[in-house]
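Single-structure report; data block below.
The values are calculated or read from the model by the stated rules, or taken from the named source; none is laboratory data. Note that the coordinates shown come from a computational prediction; the quantities given were computed from them, not determined experimentally. Reconstructed Cβ throughout: ideal geometry from the backbone, glycine too, with neighbour counts over all protein chains shown.
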Amino acid sequence: MKSSSNHSQQPVAASPSAIDVVVREVGLRDGLQLVPYTVSTEVKLAWLRAEAAAGVSHFEVSSFVSKRVMPQFADAEIVAAEAIKMPQLNAGALALNGRGAERAIEAGVHTLIYVISASQTHSGGNAGRDTDQALGEFRQIMARVRELPSNERPQVLAGVATAFGCTLEGRIEPTRVRELMSAMAEEGPDTMALADTVGYAHPSQVRQLCQQVMADIGSLPLGVHLHDTRGLGLANAYAALEAGVTAFDSALGGLGGCPFAPGASGNIATEDLVHMLEAEGLRTGVDLDRLLEVRRQLPEWLPDVELRGALALAGPPDWSPAQRPASA
Ligand code: ZN
């Protein structure tokens with residue numbers, strides 16, 4: 001595990017080279033999926049700007065999915081257009097198929113995110129096709145991306161969902177996940193991720209699968225997308241960290257869930273994740289106090305939505321200067 005001794009001098013808007021671990025805010029996509037009303041574009045952009053100002057540099061800003069299926073993301077083009085103008089911000093968006101990928105490319109997102117579900121049942125519900133069809137579609141998307149001129153080519157983040165288990169199918173064979181990740185890696189994405197879509201993962205499982213996949217995909221950076229459905233979110237994040245993972249998805253206020261995975265709930269909370277990483281001496285580029293200020297605005301932006309997270313209730317540890325650990 002990398003560590004740093006001088007991160008107290010860390011500026012808020014850190015350059016990527018000053019960051020040890022990437023925190024990717026997915027609240028505006030994953031977090032809004034289960035919100036029972038359509039959140040206004042103004043609120044989404046206010047949230048995005050405020051959290052970017054706290055030092056978060058990577059966002060999943062929307063989903064290019066059918067507006068009929070998910071009215072929440074009907075403004076994907078507008079949100080993306082504003083996000084890509086924000087300085088030092090990597091704006092990513094999810095695409096579930098070739099049509100969505102085309103819209104994301106057209107919108108000029110920095111990162112195109114495409115995820116295949118290892119569970120056939122979940123894949124059918126979430127994306128309307130089986131896993132092999134989804135892989136075929138990914139190959140077509142990558143062929144399309146490769147033919148773009150370099151200044152129009154988004155980075156591609158390719159991931160496998162339900163990688164650690166599925167509420168519909170139960171156990172997911174790690175060999176199946178590794179096959180899918182390797183098949184996607186062959187197409188040349190820029191980064192990859194393993195997602196515990198429904199919160200079934202436990203730490204030793206996360207550590208082992210991350211290590212195996214990292215050995216399979218070589219130098220491609222690996223991230224994890226973890227849900228805290230069963231209270232193991234941060235423990236799993238720490239296990240991934242020990243395995244060498246350097247990118248973590250999270251949602252402010254622990255928002256999130258998948259509409260096609262019964263019982264799925266909350267991503268790990270961004271504020272709790274940042275606290276853990278910084279306490280461990282890893283630089284995230286995020287100013288925790290400013291992030292908590294943004295967190296305090298969430299109930300105003302998202303009325304009647306249940307928020308989670310420990311740090312928002314308890315606050316960060318209040319070390320006296322003499323007791324402050326070197327890394328805090
Ligand atoms: Zn998720």
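Can you go through GLU278, GLU300, GLU293 and tell me which one is away from the ligand (no atom under 16 Å from the Cβ) and within 20 Å of THR38 (Cβ to Cβ)? Just one listed residue meets the conditions, GLU300. None of LEU32, LEU96 is closer than 26 Å to ASN126 by Cβ, surrounded by fewer than 24 Cβ atoms within 10 Å (Cβ to Cβ), within 16 Å of the ligand (Cβ to nearest atom) and under 17 Å from the mean Cα position of the chain (by Cα) except LEU96. Residues in the range 144-187 that are within 16 Å of the ligand (Cβ to nearest atom), of a type outside the set (Ser, Thr, Tyr), in contact (Cβ under 8 Å) with a residue 40 or more places away in the chain and assigned to a loop (DSSP other than H, G, I, E, B): ALA163, PHE164, LEU168, ILE172.
Going by what's in this entry, would GLY285 be described as in a loop (DSSP other than H, G, I, E, B) and within 16 Å of the ligand (Cβ to nearest atom)?
Numbers: in a loop (DSSP other than H, G, I, E, B): yes; within 16 Å of the ligand (Cβ to nearest atom): no.
For GLY285, the condition - in a loop (DSSP other than H, G, I, E, B) and within 16 Å of the ligand (Cβ to nearest atom) - is not met.
Taken over the range 161-180, the criterion of being at positive phi and surrounded by 22 or more Cβ atoms within 10 Å (Cβ to Cβ) is satisfied by THR162 alone. Restricting LEU277, LEU273 to residues that are touching a strand residue (DSSP E or B) at 6+ places or on another chain (Cβ under 9 Å), modelled with pLDDT of 95 or more, more than 15 Å from GLY254 (Cα to Cα) and assigned to a helix (DSSP H, G or I) narrows the list to LEU277. Among the residues making up the range 53-83, those that are over 20 Å from PRO36 (Cβ atoms), in a helix (DSSP H, G or I) and among the small types (Gly, Ala, Ser) are ALA53, ALA80, ALA81, ALA83. Looking only at residues that are polar (S, T, N, Q) and crowded, with 19+ Cβ neighbours inside 10 Å in the range 35-66, which one is nearest to HIS275 (Cα to Cα)? Applying the filter and picking the extreme gives SER57.
State which residue is surrounded by the most Cβ atoms within 10 Å (Cβ to Cβ) when the search covers only the range 99-126 and only residues that are among the hydrophobic types (A, V, I, L, M, F, W, C) and assigned to a strand (DSSP E or B). The extreme case among them is ILE113. Would you point out the residue of the range 195-243, among those that are free of Cβ contacts under 8 Å to residues at least 60 places away in the same chain and on the phi > 0 side of the Ramachandran plot, that is farthest from the chain's Cα centre (by Cα)? Within the range 195-243, the match that is farthest from the chain's Cα centre (by Cα) is GLY218.
Please go through the range 221-238 and pick out each residue that is under 16 Å from ASP20 (Cα atoms) and in contact with a Pro (Cβ under 8 Å, 6 or more places away or on another chain). Once the filter is applied, which keeps residues that are under 16 Å from ASP20 (Cα atoms) and in contact with a Pro (Cβ under 8 Å, 6 or more places away or on another chain), the range 221-238 yields only TYR238.
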